[in-house]
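Reviewing the structure listed below.
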Amino acid sequence: MKDKSRIERLIRPEIRALSAYHVPDPTGLIKLDAMENPYTWPEDVRRAWAEVVRAVELNRYPDPGARVVKARLREVLAVPADMELVLGNGSDELIQLICLALARPKAVVMAPTPTFVMYEMIATFAGMRFAGVPLGDDFALDEVAMLTALERERPAVVFLAYPNNPTGNLFDAAVIERLVRAAPGLVVVDEAYHAFAHASFMERLPEFDNLLVMRTLSKQGLAGLRLGLLAGAPTWLAQFDKVRLPYNLGSLTQASALFALQHIELMDTQTADVRVERERLYQALVALPGVRAWPSRANFILFRTEARAATDVFSALLKAGVLIKNLDRMIPGCLRVTIGTPEENCAFLNALKHAL
Ligand SMILES: *Cc1c(COP(=O)(O)O)cnc(C)c1O
């Protein structure tokens, strides 16, 4: 077919080789696959939010610098005074901005693996090479392997998810510090799960001139909003801001984010509930014969089913109406469950007991 050859001639081979990011249809299922906050807002808060959104003038372009949202985020997230922020349509967009700006021919993106798949995907989109460095025992950073890889690959940027997805653990902060000092390029500490871990490099930003910290509101209850932020030295962020599309955050997003940040205590209460459920679910999983679960500092738990193939367990759960994440191809034998409401977690545990 003519069109096929045209596709082969025009589309970059590394893009043709990719399969699109797969999101399963969750209709009718208990959704524990994507690290969403299971709680919504109470009705009175939703009404107040609707009033805020009603007042937005959609005929006008949004504030390209999202100044009001930024100012509020600086306070809420305790961004150090001399550090700058760039906001993105989710932190995924920020990863993309970083890669776009750094994508010289042969430039390398590095990350320990297994980790968040978007680092490698976006590196590929930007025409960069991805260098993954396997994690060590119990998914800790392999410091020697990382240092050797830094020397060999000279990466333009290293992404460290802190806590890591899909393993759920926090890397050793002292090892991260030594990697930042040894890195020839940038290091981005991705704190998407900060609300569940309470460990951060944010206040330490001024200590390093090649460190950036990334956060998102997604895992805290606003996944549908799409708001991520990158914090770091103004000299670095001014460069990344150049490749940001001017109106990347719409007026509805800006107004809703501001509203949400005025109700931060609501989100904090919900994340505290999720942390309590995380401990309960973890204890229940480790008590199950034939299951190995890893401790988590995030809002999900990684586990391995030793008595039955992970893919079979995944399918059995799906039949029982519970959607989790099958990681078998990334970490053999492993599955990942997001912490839901107490009722959802009970439904998951019951279905899992039957599936084993
Ligand atoms: C979910 C996740 C993100 C993506 O967050 P968005 O702001 O929703 O784009 C980034 N990093 C890690 C490690 C994640 O798990």
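Go through (1) under 20 Å from the mean Cα position of the chain (by Cα); (2) under 22 Å from Y61 (Cβ atoms) and name the single condition A255 misses.
(1)
Tell me which of these G127 doesn't satisfy, since it passes every other one: (1) away from the ligand (no atom under 16 Å from the Cβ); (2) touching a residue at least 12 places away in the same chain (Cβ under 8 Å); (3) over 30 Å from A255 (Cβ atoms); (4) in a helix (DSSP H, G or I).
The single condition G127 does not satisfy is (4).
Would it be correct to say that V144 is buried (at least 21 other Cβ atoms within 10 Å of the Cβ) and more than 13 Å from the ligand (Cβ to nearest atom)? I'd like the intermediate steps shown before the answer.
Values: buried (at least 21 other Cβ atoms within 10 Å of the Cβ): no; more than 13 Å from the ligand (Cβ to nearest atom): yes.
The answer is no for V144.
Can you tell me which condition A78 does not meet? The list is (1) on the phi < 0 side of the Ramachandran plot; (2) more than 15 Å from the ligand (Cβ to nearest atom), and all the others hold.
Of (1) on the phi < 0 side of the Ramachandran plot; (2) more than 15 Å from the ligand (Cβ to nearest atom), only one is false for A78: (1).
Can you confirm whether region 173-185 contains a residue that is under 29 Å from H263 (Cβ atoms) and either touching a residue at least 12 places away in the same chain (Cβ under 8 Å) or within 11 Å of the ligand (Cβ to nearest atom) (or both)?
Going residue by residue through region 173-185, those that are under 29 Å from H263 (Cβ atoms) are none.
No: region 173-185 contains no residue that is under 29 Å from H263 (Cβ atoms) and either touching a residue at least 12 places away in the same chain (Cβ under 8 Å) or within 11 Å of the ligand (Cβ to nearest atom) (or both).
For region 31-46, state whether one or more residues are part of a strand (DSSP E or B), within 20 Å of the chain's Cα centre (by Cα), within 15 Å of the ligand (Cβ to nearest atom) and not assigned by TED's automatic domain parsing to the domain that holds L186. Before the answer, list the steps.
So in region 31-46, the residues part of a strand (DSSP E or B) come out as 31.
Going one step further and asking which of them are within 20 Å of the chain's Cα centre (by Cα), we end up with 31.
Imposing the further condition that a residue be within 15 Å of the ligand (Cβ to nearest atom) reduces the set to 31.
With the extra rule that they be not assigned by TED's automatic domain parsing to the domain that holds L186, the set shrinks to 31.
Within region 31-46, one or more residues are part of a strand (DSSP E or B), within 20 Å of the chain's Cα centre (by Cα), within 15 Å of the ligand (Cβ to nearest atom) and not assigned by TED's automatic domain parsing to the domain that holds L186.
Out of the residues in region 193-204 meeting the condition of being under 15 Å from L73 (Cβ atoms) and surrounded by 21 or more Cβ atoms within 10 Å (Cβ to Cβ), tell me which one is nearest to the ligand (Cβ to nearest atom).
Among those that are under 15 Å from L73 (Cβ atoms) and surrounded by 21 or more Cβ atoms within 10 Å (Cβ to Cβ), it is H194.
Quick one: what pairs do we get from region 149-160, first residue under 13 Å from A103 (Cα atoms), second part of a strand (DSSP E or B) and not β-branched (V, I, T), C-beta under 7 Å, 6+ apart or different chains?
From residues that are under 13 Å from A103 (Cα atoms), the pairs are P155/M110; P155/A131; A156/L186; V157/L186.
Does region 104-113 contain any residue that is aliphatic (A, V, I, L, M) and touching a Gly at 6+ places or on another chain (Cβ under 7 Å)?
Pass one, region 104-113, residues aliphatic (A, V, I, L, M): 107-111.
Imposing the further condition that a residue be touching a Gly at 6+ places or on another chain (Cβ under 7 Å) reduces the set to 111.
So far as region 104-113 goes, yes, one or more of its residues are aliphatic (A, V, I, L, M) and touching a Gly at 6+ places or on another chain (Cβ under 7 Å).
Residues K219, K242: which one is surrounded by 18 or more Cβ atoms within 10 Å (Cβ to Cβ), basic (K, R) and not in a loop (DSSP other than H, G, I, E, B)?
Working: K242 fails: surrounded by 18 or more Cβ atoms within 10 Å (Cβ to Cβ).
Going through K219, K242 in turn, just one is surrounded by 18 or more Cβ atoms within 10 Å (Cβ to Cβ), basic (K, R) and not in a loop (DSSP other than H, G, I, E, B): K219.
Is it the case that some residue within region 106-115 is in contact with a Cys (Cβ under 8 Å, 6 or more places away or on another chain), within 16 Å of the ligand (Cβ to nearest atom) and within 30 Å of D63 (Cα to Cα)? Talk me through it step by step, then tell me what you get.
Going residue by residue through region 106-115, those that are in contact with a Cys (Cβ under 8 Å, 6 or more places away or on another chain) are 109.
The next check asks that each one be within 16 Å of the ligand (Cβ to nearest atom); those that pass are 109.
Add one more test, that the residue is within 30 Å of D63 (Cα to Cα), and what stays is none.
No, that holds for no residue.
What pairs can you find where one residue is in region 82-100 and farther than 18 Å from A233 by Cα, the other is near the ligand (Cβ under 8 Å from one of its atoms) and of a type in the set (D, E, K, R), and their Cβ atoms are less than 7 Å apart, with a gap of 6+ or different chains?
Every condition considered, the pairs that remain are N89/R226; G90/R226.
Scan (1) within 27 Å of Q270 (Cα to Cα); (2) without any contact (Cβ under 8 Å) to a residue 24 or more places away in the chain; (3) under 25 Å from the mean Cα position of the chain (by Cα) for the single condition R329 breaks and write down its number.
That leaves (1) as the condition not met.
Between a residue in region 25-41 that is farther than 22 Å from E265 by Cβ and any residue that is within 16 Å of the ligand (Cβ to nearest atom) and aromatic (F, W, Y), which pairs come within a Cβ distance under 9 Å, given they are 6 or more apart or on different chains?
Partner pairs satisfying both residue conditions: L32/F300.
The conditions are (1) crowded, with 18+ Cβ neighbours inside 10 Å; (2) under 23 Å from D209 (Cα atoms), and R152 fails exactly one of them. Which is it?
(1)
Taking L302 as the residue in question, decide whether it is away from the ligand (no atom under 16 Å from the Cβ), surrounded by 19 or more Cβ atoms within 10 Å (Cβ to Cβ), closer than 25 Å to L160 by Cβ and not basic (K, R). I'd like the intermediate steps shown before the answer.
Values: away from the ligand (no atom under 16 Å from the Cβ): no; surrounded by 19 or more Cβ atoms within 10 Å (Cβ to Cβ): yes; closer than 25 Å to L160 by Cβ: yes; not basic (K, R): yes.
Here the answer is no, as L302 does not meet what is asked.
Given the criteria free of Cβ contacts under 8 Å to residues at least 24 places away in the same chain and either in contact with a Gly (Cβ under 8 Å, 6 or more places away or on another chain) or within 23 Å of P114 (Cα to Cα) (or both), does T305 qualify?
On the way: free of Cβ contacts under 8 Å to residues at least 24 places away in the same chain: no; either in contact with a Gly (Cβ under 8 Å, 6 or more places away or on another chain) or within 23 Å of P114 (Cα to Cα) (or both): yes.
No; evaluated as a whole, the condition is false for this residue.
Scanning for something closer than 15 Å to I30 by Cα, modelled with pLDDT of 95 or more and touching a Leu at 6+ places or on another chain (Cβ under 7 Å), does region 306-314 turn up at least one residue? Working first, answer last.
To start, the set of residues in region 306-314 that are closer than 15 Å to I30 by Cα comprises 314.
Checking the rest, the ones that are also modelled with pLDDT of 95 or more come to 314.
Retained after the next criterion (residues that are touching a Leu at 6+ places or on another chain (Cβ under 7 Å)): 314.
Yes; the residues of region 306-314 include at least one that is closer than 15 Å to I30 by Cα, modelled with pLDDT of 95 or more and touching a Leu at 6+ places or on another chain (Cβ under 7 Å).
Among the numbered criteria (1) in contact (Cβ under 8 Å) with a residue 60 or more places away in the chain; (2) surrounded by fewer than 18 Cβ atoms within 10 Å (Cβ to Cβ), which single criterion is violated by T269?
(1)
The values are calculated or read from the model by the stated rules, or taken from the named source; none is laboratory data. Values in this document were obtained by computation on a predicted structure and should not be read as measured data. Cβ sites come from the backbone with ideal geometry, for glycine too, and all protein chains shown count toward neighbours.
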